[in-house]
Each structure stands twice: as structure tokens, then as C-alpha cells.
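Input: a single structure, listed below in C-alpha cells.
Please treat every number below as a calculation from the coordinates, not as lab data. Just so it is clear, the structure is predicted and the values come from calculations on it, not from any experiment. With ideal geometry, Cβ positions are generated from the backbone for all residues, glycine too; neighbour counts draw on all protein chains shown.
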Amino acid sequence: MAFREDFLWGGATAANQCEGAYDVDGRGLANVDLAPVGEDRAAVVTGQRKMFDFEDGYFYPAKEAIDMYHHYKEDIALFAEMGFKTYRFSLAWSRIFPKGDEQEPNEKGLEFYDNLIDELLKYDIEPLVTITHFDIPMHLVKEYGGWRNRKVVEFYENLCRVIFNRYKGKVKYWITFNEINMLLHAPFMGAGICFEEGENREQVLYQAAHHELLASAAATKIAHEVDSENMVGCMMASGVHYPLTPKPEDVWGAYTSDRDNLFFIDVQSRGYYPNYALKFFERNGLDIKITEEDKELLRENTVDYITFSYYNTRVGVGDDSNEETVESNLFQTPDNPYLEKTEWGWPVDPLGFRTTINSIYDRYQKPLFVVENGLGAVDKPDDDGYVADDYRINYLADHIKQMKDAVELDGVEMLGYTTWGCIDLVSAGTGEMKKRYGFIYVDRDNYGNGSLERSKKKSFDWYKQVIASNGEDL
Ligand code: BGP
């Protein structure tokens, strides 16, 4: 058997993409509520277009999403039926601290997570909790400038103290920031940052990055103090870069692009800023405020395990290249003609998954946990409402095979695997509902029409069998 007996099979979601109920039970407004579906979304999530309140003429999908807030029992029952060993979800910060800077949390918001966690435990499903998945209370964005402000580290610590104490003995696996490296690509979504005219973007971004790294180390410290059983992980959007050609400049370009992605994990896993980053700051005249105490905090509080999302690989080129790029998952990358693409133009690369897993494991030698992988596709229910999603089954089977090789043939230590969007939800990149990842179909369209009824797709039974056979029966 390739996978360990207690391998954690399951699925993953994020609060703002599924919960809805954006203003229920005292929840405050969050950055992610304000990302509309459609063309302007990209400008908003990247911080180029300020949207600090709902505006007419836009549809904001996170407001209701798939209303998991009111459907969680039904949804968890379906996860249990598939045999989930774990379920990865995130806490909406603004449910717990509606403004972010209060002293006392919102009891009603916490109650929702109490119930959700108890419901999971009822079925022996291990909660895997992302503390922040692209969300920050809007009050912290408006009043403090989001993660550019060091004060936000304290507010995040307050949040951590509350949840680690409250869920002590119930939740063991934590993730501090979803895809922390996305801060560089989608600053508003990743860190509540909008740019002012003429600002030095890199200065702002790397200072905010330092604050998130500090907050992550502080969270790790608090988690271990509250309960030594706690396991705290970091999380990156992964995918190795292949050189466009064997030309040394392209190879170097691919190498450094990988390193740009790994920068955050380097700090979280090793506990210090790598020299290449310090040199980069120096060369570009960036003045990143890092105190001696900060260095100590980072050094003493490295993560216990490493998690990542994997959707595709990318292509790296030399600085001198004029190669055209295409957009894929908010990254700009030259096309890889050897790979098939999804309906949204994302390359499909199962072997690249094995390469990526190995490259991360080689570098850190810590247990890995794949917490996102999956295929975003348009599903067409037949007359009976059934979705025969063989394309999704094939995609996942091909990727799981490669993960299996990484474990069985390469000896990578792997804790678990959660597919992204185990139930259909709102897409982070586009805000669309029609970009579906789930084993469970949700009747809802891009603009909020539909009954919200849940139904099993073909992949539901397939994944059930994968879990029951511990990954043998693909
Ligand atoms: C990751 C995010 C998720 C998720 C996924 C799929 O970057 O962590 O939140 O949505 O990508 O992306 P998309 O929803 O754009 O298809």
C-alpha cells in the first residue's frame, strides 16, 4: 500500500467562496466580499481598482455563494458519505472579529464554527483549518491599510488566541495563510492592499509579506503554547517552472521564478530570510523593517508541515526574452505547447505534480500535505440533473497516480490530500459559479439564480471508492 493507513483524504473549501450569509449574525464586511464577478474582478483583486463598498451594476458572488452557512449539515453528511477523513475549510475572520480590531470576539460567529466542527467530529472527519483564506475585515483595510500595517499582526494574533483556545482538543491541523505567495500577484485579495499613485509596489508588498510571515510565526508560537499537539502548516500556490528552452538564460529564469515562489516557505520553514531575498531588497533599494525580535520569532517558530495547492506547472524565461505570456491562475507564463489546457486555459500536467512534490520535499524535508488540486470545468447536467464528469475523474486519477509515485517510488512523506472545491463553489479567480470543481453539484449560476439544491456527480462515487481503497482503486 502506497499511502499510510491514516492518510487524510478529503476536500477543501474557503469561507468566502462557499458560506455566503455575508451579513448574518454580526459578520463584518471583508475584502473578498467586494470582488465582483466579471471583467473588473482582476483589477479589484490585484489592488489596481479600489472597491471599498458595494457598487451598483455589479454582482458580488460571495454575498450568498452556495449558502453553506445554512447548508453545512447536509454538505458534511455528503462528505461523510464519500468517506472523507478530513475537511479543509477556512474561518471568516470578520465573522469572529467583525471589524478586526475589537478586544472581544463575536460569539455568534464563533458558534457557527463550533457547530461546523462538532458536525465534522460526529463523523470522525478531521478538521483542517485555514485561519485566513484570502480574507481580512474591511475595517482593517480602510483604517489600517491591510497587511501593509504592522498593527494587523496583533489583530491576527488575537484571532489566533481565541480560536486555538476555543478549539483545543478538537482541531489539530492548522494552516496560517492560504497561498501566501499570492500576496505578490493579487495584493487586495491576499493582503487587503490597494496601491496609491506613484507608490513603490515592491516596497509595500515585501513589507506586507514580512508582516504576514511574522503573523504566521506568532500563530505557530501561540498554537504550540496552547496545545503541544497542534500542527501548524504554511501554504503556497505551487507549480515548478520549466525552462522555455535549454538556453542557460531560460534555465536561470525558471530557477529564479521557482525561488520567488518558494521565498515565503523558505522563511516559514527554515526560520530566516534567505540571502537571495536580502540581496534582492538591497539591490532594489527596498527598506524592509525587520527587527532583531522579529528574526528571533521567525527562527524559533518554524512550521510543522508544508501544504500547497497544485494546479499546473509554469514556464520560465530569461530576462532578455520577448516571449509572449498567457494568464494562468493570476500568474503570467509563456505557453507550454506540450500540455493540454482546461477550458480556462490552465495547463494540465500530472507528471509536473510529481516533480513539484519532490522539489518541495527535497528543499525542506518536512511532511507535505496537498491541500488543493482539481479541475475547474463547465458541468452540463443531463435531463435528470446528473453530471457524468469523466473529465474530472480522469484529471484527479492522473494526479493521484503521480502523488502515489512520489510517495511509493520517491519516498516523500505525505500526510494527506484534499481536492479543491469538493462541493461546487464560487471561483476565486473569476468569481464565476460555472467554473466547477465539485463532486457535488450545486444548482446556482453566475448571477445567483438557482435552487441551491445539491446533487451527486459521477465523480462522487468514484472518489468514495478512491478513499475506501486508500488510493489503490483509481
Ligand atoms: C487557489 C485558491 C482557491 C481556489 C483555487 C482555484 O488559488 O486558493 O481559493 O479558488 O485556486 O482557482 P479558481 O477558483 O480561480 O479556479
Stokes-Einstein, Kirkwood over Cα pairs, segment 243-394, 20 °C, 1.002 mPa s; D in µm²/s equals 117 µm²/s
Quick one: dipole size for the chain, taken about the Cα centre, charges +1 on Lys/Arg Cβ and -1 on Asp/Glu Cβ, in debye to the nearest 20. 640 debye
Where trypsin sites (Lys or Arg not before Pro) fall in DSSP loop in segment 257-323, at most 12 other Cβ within 10 Å: Lys289
Taking only C-alpha pairs under 8 Å that are 6+ residues apart, what is the relative contact order of the chain in percent? 18 percent
Counting DSSP beta bridges with both partners in the chain, what percentage is antiparallel, nearest 5? 20 percent
Distant alpha-carbon pairs in segment 306-359 (separation over 17 angstrom), percent: 40 percent
What does the helix-only formula give at 222 nm for the chain: each DSSP H stretch with n ≥ 4 adding -39500 (n - 2.57), the total divided by the residues, and the result rounded to the nearest 500 deg cm²/dmol? -12000 deg cm²/dmol
Note down the net charge around Leu205, summing +1 for each Lys or Arg and -1 for each Asp or Glu among other residues with Cβ under 15 Å from its Cβ. -3
List, in order, the whole-Hz ³J(HN,Hα) value for each residue of segment 168-177 obtained from phi through the Karplus relation with A = 6.51, B = -1.76, C = 1.60 and θ = phi - 60°; use x for Gly and Pro. 4, x, 10, 10, 10, 9, 10, 10, 6, 9
Specify which residue in the list Ala428, Pro127, Pro187 is farthest towards the positive end of the charge dipole of the chain, using unit charges on the beta carbon of Lys, Arg (+1) and Asp, Glu (-1), about the Cα centre. Pro127
To make sure I understand, if each residue's beta carbon is the centre and we count other beta carbons within 10 Å, what order do Lys457, Lys341, Lys380 fall in, fewest to most? Lys380, Lys341, Lys457
Return the Rg/Rh ratio of segment 1-151 with Cα-based radii and a Kirkwood Rh. 1.02
Run the numbers for Lys142 and Glu225: contour at 0.36 nm per residue of separation, minus the present Cα-Cα distance, in nm. 26.6 nm
Sorted by chain and then number, the residues having a modelled amide H within less than 5 Å of the amide H of Gly11, at least 5 places away or on another chain, are Thr86, Arg88, Thr419
What nm distance separates the two modelled labels at Lys289 and Lys108, each placed 7 Å from Cα along Cα→Cβ? 3.7 nm
Can you pull out the GluC sites (Glu not before Pro) in segment 81-118 that DSSP calls coil and that have at most 11 other Cβ atoms within 10 Å? none
Ordering of 231-244, 142-155 by packing [mean C-beta count within 10 Å, highest first]: 231-244, 142-155
Looking at segment 189-238 from every direction and averaging, what is the projected area of its Cα convex hull in nm²? 4.5 nm²
Sparse-neighbour loop sites [GluC sites (Glu not before Pro); segment 295-380; at most 13 other C-beta within 10 Å; DSSP]: Glu324, Glu340, Glu343
Using the Kirkwood radius over Cα pairs, work out the Stokes-Einstein diffusion coefficient for segment 8-468 at 25 °C and 0.890 mPa s, in µm²/s as a whole number. 110 µm²/s
Quick one: Debye curve from the C-alpha atoms of segment 100-188, no solvent, what's log10 I(q)/I(0) at q = 0.11, 0.19, 0.23 Å⁻¹? -0.36, -0.98, -1.26
Segment 128-265 - Debye-derived log10 I(q)/I(0), Cα point model, q = 0.10, 0.14, 0.15 Å⁻¹: -0.39, -0.69, -0.77
